[in-house]
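Colleague: Following this message is one structure expressed as structure tokens.
The values are calculated or read from the model by the stated rules, or taken from the named source; none is laboratory data. Please read these numbers as outputs of a predicted model, since none were measured by experiment. We place every Cβ from the backbone using ideal geometry, glycine too, and count neighbours over all the protein chains shown.
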Amino acid sequence: MVRMTDSADLPTPPADPAPYADLTPERLLDAIETTGLRPDGRLLALNSYENRVYQLWLEDGEVIVAKFYRPGRWSDAQILEEHGFALELAGHELPVVAPLSLAGTTLARHRESRLAVYPRRGGRAPELDDPAVLRWLGRLLGRMHRVGAVRRFEHREGLGVAELGEASRETLLAGDWIPPELLPAWRSVADMAIDSARAAFARAGDVRTIRLHGDCHAGNILWTDDGPHFVDLDDCRSGPAIQDLWMLLSGTPTEMAAQMREVLEGYETFEDFDRRELTLIEPLRTLRLLHYSAWIARRWRDPAFPAAFPWFGTARYWQDRILELREQVAAMSEEPLAVG
């Protein structure tokens, strides 16, 4: 179940410059106990900047993963929609790690914290240079998108130029992030990149929008001897199917075209793919690059971010971003991948 104990959706908590300062080990363990679980006191912080994620051991020997959501990012309705999508996929026997329902809900509260609990599922990174792995992932994503197309998100954000491109540009221009001597060059190339992305979406036409994983990179796919499973639907959104496919690709255009043929061989076993969406690979990559810089800027007051990204305000960082966006403008002018 994904309901809250109080069925009314609560407002998104306000943003906090240090949102996890009070999340001490004692409070963390207290929060887990409110769900009815009994931790034995052992915990391990896992790698996560946006949220705080911990592995915990329980008195009965089980091991769980608890995710504490960043205040001010998602509303309760948006989080519950993420949980509902994960449970829906798992209900169709897709290998997605879905939250546990505890005390009648998948979204618990303790003081100011909102948290979800997941079973621990280990694994290693997929070998994306293996054609058989690409076909396997393609089959799973085809099945996932078949489910994702059944209905729409009501609360989750969309994936497009306005949400990821224009909003990111405005965030970065509103602060003193870019050195003054580089600001005109960055502004110019960011404008060109956003215009090019918008033009590419127009060329692609009215492509279908479905519910997506949204952040389907290799780090969110764990492989075991039994095959892969998907984790972390925190960025699930509505958008074109290609968003969940392009991050499996790497290398030259010729190499990426060969990889995409393998992915689509598996994908189209279960779901049709509109070849017009190939036009959106480089625009989506461009929007992701812009969004990444804006994400760091938005989180800078969280002490974890200056420590993790000390190079963010340097001239070298922004020089690299200017070059990167110029390369993306050029890439968006090229023909889409030729996959047949």
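Quick grid of which residues meet (1) modelled with pLDDT of 95 or more; (2) under 20 Å from residue 243 (Cβ atoms):
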| site | (1), (2) |
| --- | --- |
| 51 | yes, no |
| 111 | no, no |
| 121 | no, no |
| 133 | yes, yes |
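Colleague: Every residue in segment 54-77 that is farther than 12 Å from residue 37 by Cα, surrounded by fewer than 20 Cβ atoms within 10 Å (Cβ to Cβ) and not small (Gly, Ala, Ser), please.
Modeller: 55, 71, 73
Colleague: Continuing with the same structure: Please enumerate the residues belonging to segment 152-189 that are within 30 Å of residue 212 (Cβ to Cβ), of a type in the set (A, V, I, L, M, F, W, C) and in a loop (DSSP other than H, G, I, E, B).
Modeller: Selection gives 153, 159, 177.
Colleague: Would a scan of segment 220-237 turn up a residue that is of a type outside the set (Phe, Trp, Tyr), under 21 Å from residue 287 (Cβ atoms) and assigned to a helix (DSSP H, G or I)?
Modeller: There is at least one residue in segment 220-237 that is of a type outside the set (Phe, Trp, Tyr), under 21 Å from residue 287 (Cβ atoms) and assigned to a helix (DSSP H, G or I).
Colleague: Related question: Kindly check whether there is at least one residue in segment 77-96 that is among the small types (Gly, Ala, Ser) and not in a helix (DSSP H, G or I).
Modeller: No, the conditions are met nowhere in segment 77-96.
Colleague: Still on this structure: With the checklist (1) within 23 Å of residue 164 (Cα to Cα); (2) at pLDDT below 95; (3) not in a loop (DSSP other than H, G, I, E, B) in hand, flag the one item residue 307 doesn't pass.
Modeller: (1)
Colleague: Being surrounded by fewer than 15 Cβ atoms within 10 Å (Cβ to Cβ) and of a type in the set (D, E, K, R) is the filter; apply it to segment 192-222 and report the residue that is nearest to residue 154 (Cα to Cα).
Modeller: 208
Colleague: Considering only segment 248-276, state which residues are under 20 Å from the mean Cα position of the chain (by Cα) and surrounded by fewer than 21 Cβ atoms within 10 Å (Cβ to Cβ).
Modeller: 249, 250 - these are the residues of segment 248-276 that are under 20 Å from the mean Cα position of the chain (by Cα) and surrounded by fewer than 21 Cβ atoms within 10 Å (Cβ to Cβ).
Colleague: Then there is this: Could you identify the single residue in 330, 315 that is over 14 Å from residue 197 (Cα atoms) and among the small types (Gly, Ala, Ser)?
Modeller: After ruling out the rest, the residue left standing is 315.
Colleague: Turning to a different aspect of this structure: Given (1) farther than 27 Å from residue 18 by Cα; (2) surrounded by 17 or more Cβ atoms within 10 Å (Cβ to Cβ), identify the lone condition not met by residue 288.
Modeller: In the conditions (1) farther than 27 Å from residue 18 by Cα; (2) surrounded by 17 or more Cβ atoms within 10 Å (Cβ to Cβ), residue 288 misses (1) alone.
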